[in-house]
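*Asks:* Here you go, one structure.
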Amino acid sequence: MIATSPGYSITLRVGTEVGKASTSDLVAAAAATGASVTALDVVESTPHSVIIDVSADTRDVAHADEVSDALNALTGVEVHKVSDRTFLLHLGGKLESTPKVPLRNRDDLSRAYTPGVARVCKAIAENKEDARRLTIKRNTVAVVTDGTAVLGLGDIGPEAAMPVMEGKAVLFKQFADVDAWPVALDTKDTEEIISICKAIAPAYGGINLEDIAAPRCFEIEARLREELDIPVFHDDQHGTGVVTLAALKNALKVVGKKLEDLRIVVSGVGAAGNAIIRLLQVAGATNIIACGRDGAIGPDSTVDTDHKKWLQANTNPEGFAGSLKEAVVGADVFIGVSAPNVLNGDDIAAMNKDALVFAMANPDPEVDPAEAAKHAAVVATGRSDFPNQINNVLAFPGIFRGLLDAEARDVDENIMVAAADAIASCIPEDELHPGYVVPSVFDPEVATKVAEAVAQVCVLKPQRVSVPGGGE
């Protein structure tokens, strides 16, 4: 059974007649449905009735309805209202604009606005680089989306993508004190997206591309990196790649294997899968098999996009042909960024001894983590309710913090490998074990270490790294 989640947390306002039902009856009725009761608060009490707010985590919307029905069925109890706490959190959005300087009097106004501000404008007009120190550009990132690949929801449009973009901006601020702002674009045209990003770039120190579908996302990122003088980072690709590499580095220490010796199978050849493969190769992996819906991509596969052609030319050195299930036989590592339940416990049992399984499809992984753990040495997922959560928030806040601090113009694989090493280093080697190869997203050390590592690489002004097989 799927576990309850704070993402489906509800508060039920319940009225009870005095003497008819106790608070323990309410808890028991909710718990009997499988809900996790988290709080009870008495809102109002009279000689004849009591109003109580019952808060609980549920599995999904249908389960929330089941809890409500169970409480209503108690004698003397009436559920007046059911509030979805996730929707309550989003009321009015999750962001606001707050001034950094007070306007207490006319003198302050004269410096922050006219006439004093004109002198600052003239200085920037004479030297555009001054915008990095005299405007919000020095600490602001645009989170740009077209709403075509939002979480696991697909193409739901820019308006529906906004809650995710707002959430991203909150994470930037919370974990790295980076000011980020959602830019949701009502267009799917590649050239138009590129043009808009170039037009708004003067106000930002970096652009975080988010939830843009493949293969369009590849061209958009490549063109913007080439044509802008600020770093452009597609988090769905590279954030996932960085955290995956960090987790793999630590997992390899647990099992005593080397990256260059591994046979790695990757399920999913979209944005995330492509970036993971490229970054693993830069880090030293030599034997990777990429699997799409039709199985392994090999010499005889029919491929129809540039990124799949790259995979065909630069992966699967053995020329393996077959299904995903056949590919994992004898593999050392399975990395999934694809679809739920494509493998089972028997498939993991067929992997090499001390296998590593990173099943990152959300909310349901490629293989049941409990089944995988019976056979694999280390199991990681994208979920917060299992050990070893591979979560992009470990990467992107610190990466952009470092890029902004260094006034970077670009981001490349040197920077990404440095970020992965920094994340991995947050767990001392004597603390590593199969259930702890990825640091907590709330570890305050992570973003700081990542930012320092990234800034150090940027200060060294590295040349752009060529990804094996072409591209940058």
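*Asks:* Among E166, E227, which is open to solvent by 40 Å² or more (accessible area, probe 1.4 Å) and at pLDDT 95 or above?
*Replies:* E227
*Asks:* Across the stretch 402-417, which residue is farthest from V170 (Cα to Cα) among those that are outside any loop (DSSP other than H, G, I, E, B) and of a type in the set (V, I, T)?
*Replies:* Of everything passing the filter in the stretch 402-417, V417 is farthest from V170 (Cα to Cα).
*Asks:* Take the conditions surrounded by fewer than 22 Cβ atoms within 10 Å (Cβ to Cβ), of a type in the set (F, W, Y) and within 25 Å of L252 (Cβ to Cβ) and apply them to F334. Does it pass?
*Replies:* Spelling it out, it is not the case that F334 is surrounded by fewer than 22 Cβ atoms within 10 Å (Cβ to Cβ), of a type in the set (F, W, Y) and within 25 Å of L252 (Cβ to Cβ).
*Asks:* Next up: Looking only at residues that are in contact (Cβ under 8 Å) with a residue 40 or more places away in the chain, part of a loop (DSSP other than H, G, I, E, B) and in contact with a helix residue (DSSP H, G or I) (Cβ under 9 Å, 6 or more places away or on another chain) in the stretch 344-362, which one is most open to solvent (accessible area, probe 1.4 Å)?
*Replies:* D354
*Asks:* Look through the stretch 2-24, keep the residues that are part of a loop (DSSP other than H, G, I, E, B) and open to solvent by 70 Å² or more (accessible area, probe 1.4 Å), and return whichever of them is nearest to V367 (Cα to Cα).
*Replies:* Step by step, filter the stretch 2-24, then rank; the result is I2.
*Asks:* With the requirement that a residue be aliphatic (A, V, I, L, M) and more than 23 Å from H90 (Cα to Cα), what does the stretch 4-17 give you?
*Replies:* Matches in the stretch 4-17: V14 only.
*Asks:* Sort out which residues of the stretch 129-146 are assigned to a helix (DSSP H, G or I) and either open to solvent by less than 30 Å² (accessible area, probe 1.4 Å) or touching a residue at least 60 places away in the same chain (Cβ under 8 Å) (or both), and write them in order of number.
*Replies:* D130, A131, R132, I136, K137, R138, N139
*Asks:* Still on this structure: Name the residues in the stretch 390-401 that are open to solvent by 10 Å² or more (accessible area, probe 1.4 Å) and assigned to a helix (DSSP H, G or I), would you?
*Replies:* N392, V393, R401
*Asks:* Ok, one more. Of all residues in the stretch 29-64, which are over 28 Å from the mean Cα position of the chain (by Cα) and either loosely packed, with under 14 Cβ neighbours inside 10 Å or touching a residue at least 60 places away in the same chain (Cβ under 8 Å) (or both)?
*Replies:* Selection gives A32, A39, D41, V42, V43, E44, S45, T46, P47, H48.
*Asks:* Only residues that are of a type outside the set (K, R), open to solvent by 70 Å² or more (accessible area, probe 1.4 Å) and out of contact with any Lys or Arg (no Cβ under 9 Å at 6 or more places or on another chain): list them for the stretch 73-102, please.
*Replies:* A73, E78, F87, L88, L89, L91, G92, E96, S97, T98, P99, P102
*Asks:* Which ones in the stretch 418-448 are open to solvent by 40 Å² or more (accessible area, probe 1.4 Å) and either closer than 14 Å to K249 by Cβ or not in a helix (DSSP H, G or I) (or both)?
*Replies:* D421, S425, P428, E429, H433, P434, Y436, S440, F442, listed by residue number.
*Asks:* Is one or more of the residues making up the stretch 352-364 closer than 20 Å to T244 by Cβ and among the acidic types (D, E)?
*Replies:* Checked the stretch 352-364: at least one residue is closer than 20 Å to T244 by Cβ and among the acidic types (D, E).
*Asks:* Residues I194, I124, I207: which one is over 14 Å from I230 (Cα atoms) and either in contact with an Asp or Glu (Cβ under 7 Å, 6 or more places away or on another chain) or not aromatic (F, W, Y) (or both)?
*Replies:* I124
*Asks:* Tell me yes or no: at least one residue of the stretch 318-330 is in contact (Cβ under 8 Å) with a residue 60 or more places away in the chain and either within 27 Å of the chain's Cα centre (by Cα) or closer than 22 Å to A275 by Cβ (or both).
*Replies:* Yes, some residue in the stretch 318-330 is in contact (Cβ under 8 Å) with a residue 60 or more places away in the chain and either within 27 Å of the chain's Cα centre (by Cα) or closer than 22 Å to A275 by Cβ (or both).
*Asks:* Now for a separate question. Examine the stretch 197-206 for a residue that is at positive phi, open to solvent by 50 Å² or more (accessible area, probe 1.4 Å) and out of contact with any strand residue (DSSP E or B) (no Cβ under 6 Å at 6 or more places or on another chain), and state whether such a residue exists.
*Replies:* No, because not a single residue in the stretch 197-206 is at positive phi, open to solvent by 50 Å² or more (accessible area, probe 1.4 Å) and out of contact with any strand residue (DSSP E or B) (no Cβ under 6 Å at 6 or more places or on another chain).
*Asks:* Which ones in the stretch 260-302 are hydrophobic (A, V, I, L, M, F, W, C), out of contact with any strand residue (DSSP E or B) (no Cβ under 9 Å at 6 or more places or on another chain) and open to solvent by 10 Å² or more (accessible area, probe 1.4 Å)?
*Replies:* The answer is A272, V282, A283.
*Asks:* Exactly one condition in (1) closer than 29 Å to V450 by Cα; (2) surrounded by 15 or more Cβ atoms within 10 Å (Cβ to Cβ); (3) out of contact with any Phe, Trp or Tyr (no Cβ under 9 Å at 6 or more places or on another chain) is not met by L151; state its number.
*Replies:* Only one criterion is unmet by L151, namely (2).
The values are calculated or read from the model by the stated rules, or taken from the named source; none is laboratory data. The structure displayed is predicted, hence computed values, not measured ones. Because the Cβ atoms are built from the backbone with ideal geometry, glycine has one as well, and the counts that use them run over all protein chains shown. These area figures cover heavy atoms from the full protein model, side chains too; ligands, DNA and RNA do not enter into them. Shrake-Rupley method; radii C 1.70, N 1.55, O 1.52, S 1.80 Å.
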